[in-house]
Amino acid sequence: MSNSKRFTNRELSWLDFNNRVLSQAEDQRTPLLDRLKFMSIYASNLDEFFMVRVAGLADQVAGGVTKTPPDGLTPAEQLEEIRRVVAQQVQRLERVHRDDLLPALAQKGVRISEWGDLSSEDRQWASSSFVQRVFPVLTPLAVDPVHPFPYISTLSLNLAVVISDPETTERHFARVKVPPALDRFMRTPSGAYVPIEQVMGAHLDTLFPGMKVVGSWPFRVTRNAHISLDDEDANDLLEAVELELRRQRFGRAIRLEIDQAMPAETRDLLVRELDLDESDVFQYRGLLDCTGYEQFDNLRRPDLRLPSFRGVTPGPLSELEGSADFFRRIRSNNVLVHHPYESFADSVSEFVRQASIDPQVLAIKLTLYRTSGDSPIVESLIRAAEEGKQVAVLVELKARFDERANIEWARRLEEAGVHVAYGLIGLKIHTKTTLVVRDEPAGLRRYCHIGTGNYNPKTARTYEDIGILTASREVGDDLTQLFNFLTGYSRSVSFARLVVAPQQLRQSLHDLIEREMNAPAGTGHLIFKMNSLVDASMIDQLYEASHAGVQIDLIVRGACCLRPGIAGLSENIRVRSIIGRFLEHSRIYYFANGGETGDHPEYYIGSADLMPRNLDRRLEALLEIRHPESRRRLEEILAINLADDTLAWELDDLGNYHKLLGNVRDTHRELSDLAVQRALRQDPGAELWNRS
């Protein structure tokens, strides 16, 4: 079978994922403010897609690269198809925004208005507010022979202004940047919200006194955010990343978004000065840049959004009496934590905090890929170092879009006396692991956390992830080996429970899938839950397993290049995607025939998706879960995902997703309810759903 029939294109599959996000904004069953939030998420996702994926394809075209991915589309063909699909999606975005959401929100008292629709009282208030709060921070930049075309920073919102000199009637172009530090929408005394760029546009005469303002139109530029770094030649990786970030600031423009009303002359000037093609221009009717709607996340209208949910404290970690009790609970029984249903702050973050203050803890080691700007985990690590504990942190400086934040954290940690390492040459450190060494009467004992998500308390409230807290000797041995490998020198490392990329993961997964193919007839079954399925060789092996009679269920939130349900190739494979209020982020790998005895299935959790970068170019770790209660929890999670008929989409043999409309089983609701039930068994008086 030809590659084009065996594989779907990665970029187009990702756009299909973002299309499912956009569909949440269109779904009438979703509360209005949550629909607005999904529209903002869609726009933010698309920004990142252009900065990274489209920019990479454009670089390939510019470099004359004709090599094709497994699906057979050349870089130029991919760009053409991406532009076509995005243009269609943008039309849908505008339609749901203009014709559906704005009128529906206005009926509920949330009026997002145009400047021209404001009352005279609101306009008067907005004019006064402009003079006091906006005008002082604006900087008009003229373009003429003396003033060259200004640098337009990526994703900034700007006004393209055309002015005319009354004496000479000569026209000039100027750019005014919308201040990113100010709220995107101004709230008037009557309760209306008006975009700040429209308020600016109505008062441009104050910026260009004595000149006639012919017109102004918003526009936005997206630039290449790819970091090209040869860390093998870098003497100091920290300095090399900082230098590359400075270069990145002036990355090539790859997309121009404009107001549809912008005249051709102004549009042509922008296209020419930004060195773009007409195909790089996307026109919008109405609001430009829907990411600004994140401002409404703080609007207190519980009647217009899903009930908020506060993650519960995992039962074994509730009602603790000091750090000794915390570690005793982990020592007596492994603790599986499932975020956001179970609180990250009360489990993983508390694990590191307790380690930092426990006088019996001697050392803490942790891998840091992404974290929040006010990370309590980093504060705990600093406290531990200041208390004289041995603290080592692997900071991944090349975590895309978090490079600057990670550089700042690395410097703060080093200043506090933490041993900071910056990863391995040629590999990103993507594992989510913590090792705590504690001095106990029976000797040194190691406590471990291995998870699927980042040590980021902010995203842990919305990202679905799984982690395990354990005092297993085998896992402790494995993490000790792993950290020594990361911070020292080693060519030969073996593990008992961990499966680590790039050394073992690809081959280990291959062997596990092959074992299912050789299982007794009718017993082979694989269930893989992940973010992305892209790797061609892994997909081909799944095709082979399907042909051998293995039943395969894939739960893939994002890009999936496999085509299910094709006779003779993938008729035993089913693919679904869960899209809802929480972002599915965990990776779970289930193999029905467990090991030599086959007395129970095998489960693995960890940081790796099935993509070439995860299998070959990142330091990843999967952990085999052997604890019976933890395996039961994983079985429950997978079963609920596979039964969902409310948030689930199913992929057909042509590469198209179809929304299920049963509206009976909702993964996020069921898992929230189960978490509440478990918590109430621990504390019958707990109130966890906030419906006020």
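The values are calculated or read from the model by the stated rules, or taken from the named source; none is laboratory data. All values reported here derive from a predicted model rather than from experimental measurement. Positions of Cβ are generated from backbone atoms using ideal geometry, with glycine treated the same way; all protein chains shown enter the neighbour counts.
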What pairs can you find where one residue is in region 145-160 and in a strand (DSSP E or B), the other is among the polar types (S, T, N, Q), and their Cβ atoms are less than 9 Å apart, with a gap of 6+ or different chains?
-> LEU159/SER216; ALA160/SER216; ALA160/THR266
Kindly list, by first and then second residue, each pair from a residue in region 16-33 that is without any contact (Cβ under 8 Å) to a residue 60 or more places away in the chain to a residue that is surrounded by fewer than 19 Cβ atoms within 10 Å (Cβ to Cβ) and assigned to a helix (DSSP H, G or I), limited to pairs with Cβ atoms under 7 Å and residues at least 6 apart or on different chains.
-> none
May I ask you to say which residue of LEU368, LEU336 is under 21 Å from ARG473 (Cβ atoms), under 25 Å from the mean Cα position of the chain (by Cα) and not aromatic (Phe, Trp, Tyr)?
-> LEU336
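Taking the conditions exactly as written (free of Cβ contacts under 8 Å to residues at least 12 places away in the same chain, of a type outside the set (Ser, Thr, Tyr), outside the structural domain of ARG473 (by TED's automatic domain parsing) and more than 19 Å from ALA496 (Cβ to Cβ)), does ALA592 satisfy them or not?
Working: free of Cβ contacts under 8 Å to residues at least 12 places away in the same chain: no; of a type outside the set (Ser, Thr, Tyr): yes; outside the structural domain of ARG473 (by TED's automatic domain parsing): yes; more than 19 Å from ALA496 (Cβ to Cβ): yes.
Spelling it out, it is not the case that ALA592 is free of Cβ contacts under 8 Å to residues at least 12 places away in the same chain, of a type outside the set (Ser, Thr, Tyr), outside the structural domain of ARG473 (by TED's automatic domain parsing) and more than 19 Å from ALA496 (Cβ to Cβ).
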Close pairs from region 123-143: first within 16 Å of ARG175 (Cα to Cα), partner of a type in the set (D, E, K, R), Cβ under 6 Å, at least 6 apart | LEU141/ARG175
Looking at region 616-645, which of its residues are over 17 Å from SER586 (Cα atoms), in contact with a Ser or Thr (Cβ under 9 Å, 6 or more places away or on another chain) and without any contact (Cβ under 8 Å) to a residue 40 or more places away in the chain?
-> ALA643
Pairs where the first residue, in region 306-325, is closer than 14 Å to SER347 by Cβ and the second is of a type in the set (Val, Ile, Thr) and in a helix (DSSP H, G or I), C-beta under 7 Å, 6+ apart | VAL312/VAL676
Within region 250-283, track down each residue that is surrounded by 18 or more Cβ atoms within 10 Å (Cβ to Cβ) and farther than 18 Å from ARG223 by Cα.
-> ASP259, MET262, THR266
Segments classed as helices (runs of 4 or more DSSP H), wholly inside region 166-273, with at least 3 members that are modelled with pLDDT of 90 or more and over 30 Å from ALA421 (Cα atoms) = 196-201, 264-273
Subset tally (residues that are free of Cβ contacts under 8 Å to residues at least 40 places away in the same chain and either hydrophobic (A, V, I, L, M, F, W, C) or surrounded by 21 or more Cβ atoms within 10 Å (Cβ to Cβ) (or both)) for region 412-432 = 4
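A quick yes/no check of all residues on (1) crowded, with 17+ Cβ neighbours inside 10 Å; (2) farther than 18 Å from PRO263 by Cα:
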site	(1), (2)
PRO180	no, yes
ARG184	yes, yes
PRO195	yes, yes
GLN198	yes, no
THR206	no, yes
VAL213	yes, no
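Does SER630 satisfy the condition of being outside the structural domain of ARG35 (by TED's automatic domain parsing), within 29 Å of GLN503 (Cα to Cα) and hydroxyl-bearing (Ser, Thr, Tyr)?
Numbers: outside the structural domain of ARG35 (by TED's automatic domain parsing): yes; within 29 Å of GLN503 (Cα to Cα): yes; hydroxyl-bearing (Ser, Thr, Tyr): yes.
For SER630, the condition - outside the structural domain of ARG35 (by TED's automatic domain parsing), within 29 Å of GLN503 (Cα to Cα) and hydroxyl-bearing (Ser, Thr, Tyr) - is met.
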Could you list, in sequence order, the residues of region 123-150 that are hydroxyl-bearing (Ser, Thr, Tyr) and under 35 Å from the mean Cα position of the chain (by Cα)?
-> THR139
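Give me the helices (runs of 4 or more DSSP H) completely within region 1-75, filtered to those with at least 3 residues that are more than 20 Å from ASP540 (Cα to Cα), ordered by residue number. Before the answer, list the steps.
On the way: elements: 3-6, 10-26, 32-49, 55-62.
So the answer is 10-26, 32-49, 55-62.
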